[in-house]
Amino acid sequence: MPYLLAALFLVGFGVLLWRAWERDRDVATLLKGAGLVAAGIFFTSFARSMLVYKPLMVLHLAAVLLFWYGTVRYLLRREARWPLLAAPLATMALFFVVAWLFREV
């Protein structure tokens with residue numbers, strides 16, 4: 001069931017990208033949107049490796065939800081909110097810092 005929802009989610013983003021392309025015929029916007037969707041897939045899949053630090057994983061999942069909201073907002077309104085789009089990068093950086101500080105030797 002989760003895979004079906006993910007597939008429908010990605011098809012929905014494909015439709016949003018197509019509508020954005022049909023509205024403006026702007027290749028740069030299409031490439032930015034496709035890059036944001038690819039980054040969102042990466043951020044979502046990275047949450048699985050954060051399972052060892054559960055509170056940080058929950059924070060990362062919240063940041064990923066904000067990222068997807070920012071992506072939809074960009075595709076519909078053409079305005080990018082960069083703090084929303086950079087939130088998963090901050091949690092990933094925090095993950096690597098915590099892993100580096102508390103590693104077992």
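We did not get these values from a lab; they are worked out from the coordinates using the rules stated. Note that the structure is predicted; figures quoted are calculated from it, not measured. Neighbour counts are summed over all protein chains in view; Cβ atoms, including those assigned to glycine, are modelled from backbone coordinates with ideal geometry.
Here are a few things to note about the model shown:
- Relative contact order of region 2-101: 23 percent, from C-alpha pairs under 8 Å at least 6 residues apart in sequence.
- When the Cα positions of Gly70, Pro55, Leu8 are compared along the charge dipole of the chain, Gly70 comes out farthest toward the positive end, with charges on each C-beta of Lys, Arg, Asp and Glu.
- Among Ala63, Ala38, Ala87: highest mean-square fluctuation, GNM of the chain, C-alpha pairs under 10 Å: Ala38
- The charge dipole of the chain, taken about its Cα centre with unit charges on the Cβ of Lys, Arg, Asp and Glu (plus for the first two, minus for the last two), comes to roughly 140 debye.
- Correct choice for Rg and Dmax of the Cα atoms in Å that was computed from the model, options (1) 12.7, 40; (2) 22.9, 78; (3) 15.6, 56: (3)
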